[in-house]
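Step one of this worksheet: look at the structure below.
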Amino acid sequence: MAGKVGEEHWGAQTGYRAKRLARFVALADEILKEKGEVRILDMGGNRDYWLDLEPVWKGRNFKFTLVNLQPERLDDARFEAHQGDCRAMPQYADNAFDIVHSNSVLEHVGKWADMRAFAGEIRRLAPRYFVQTPNYWFPMEPHFRSLFFHWLPEPMRVAKALRRPLGAFPKAPTVDDAQRFIEDSNLLDARRFMHLFPDAKLERERAYGFTKSLIAVR
């Protein structure tokens, strides 16, 4: 049964990502009509994400630059991968790209100051961007895949992480590990999210009558 639930969750998540990416591709297509190609910066992304969803963007003249903390070896001319910290990328000039893409990364970059730095680079590096992050007020915490988990006091979350596996995380062997697990993501509500992207339009991805994800589009 556990395997079946996991497969269903993965299938649902892939469906949401595909719909989300179709919205991004519609924005990129506007650039494509003007320029004939689109220089895409994916901050915190990897090639597998794009290849898993290739039917959504296949056949388009997209040039991808992927920047992540972990190095990635590529054998696909459509992609360039660079190791770097997306909170500070002085190697790239202002508007070095046509559009920035970021999917479920913002909540992992650190605390508020780190998020501000990350958002500032997104806004600096391209005239257009598409940034998604899970909504704090959605009842299901997406990383621990547990109802209301992120709304619990921190000591209770640590205790739960020590007790059993949760979502993407194994059972924490120590308090240090449990603390590290729960500090891995910091979810945002719409007010704080849009404070980071004041020149963007807010779009809401909905599920079961709730806002599942927040998307900033410029």
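The values are calculated or read from the model by the stated rules, or taken from the named source; none is laboratory data. Remember, it's a predicted structure, so these values are computed and weren't measured experimentally. Positions of Cβ are generated from backbone atoms using ideal geometry, with glycine treated the same way; all protein chains shown enter the neighbour counts.
Scan the helices (runs of 4 or more DSSP H) fully inside segment 1-70 and keep the ones with 1 or more residues being modelled with pLDDT under 95 and farther than 29 Å from Gln83 by Cβ. Working first, answer last.
Numbers: elements: 2-35, 47-52, 54-57.
So the answer is 2-35.
Would segment 149-159 turn up any residue that is of a type in the set (Lys, Arg) and touching a helix residue (DSSP H, G or I) at 6+ places or on another chain (Cβ under 6 Å)?
Yes, segment 149-159 has at least one match.
Can you name the condition, by its number, that Ala77 falls short on among (1) modelled with pLDDT under 95; (2) surrounded by 14 or more Cβ atoms within 10 Å (Cβ to Cβ); (3) small (Gly, Ala, Ser)?
(2)
Being surrounded by 14 or more Cβ atoms within 10 Å (Cβ to Cβ), closer than 26 Å to Gly120 by Cβ and touching a Lys or Arg at 6+ places or on another chain (Cβ under 8 Å) is true for just one of Leu196, Leu152, Leu188, Leu162. Which residue is that? Let's see the steps before the verdict.
Details: Leu152 fails: closer than 26 Å to Gly120 by Cβ; Leu188 fails: touching a Lys or Arg at 6+ places or on another chain (Cβ under 8 Å); Leu162 fails: closer than 26 Å to Gly120 by Cβ.
Being surrounded by 14 or more Cβ atoms within 10 Å (Cβ to Cβ), closer than 26 Å to Gly120 by Cβ and touching a Lys or Arg at 6+ places or on another chain (Cβ under 8 Å) holds for just one of Leu196, Leu152, Leu188, Leu162, which is Leu196.
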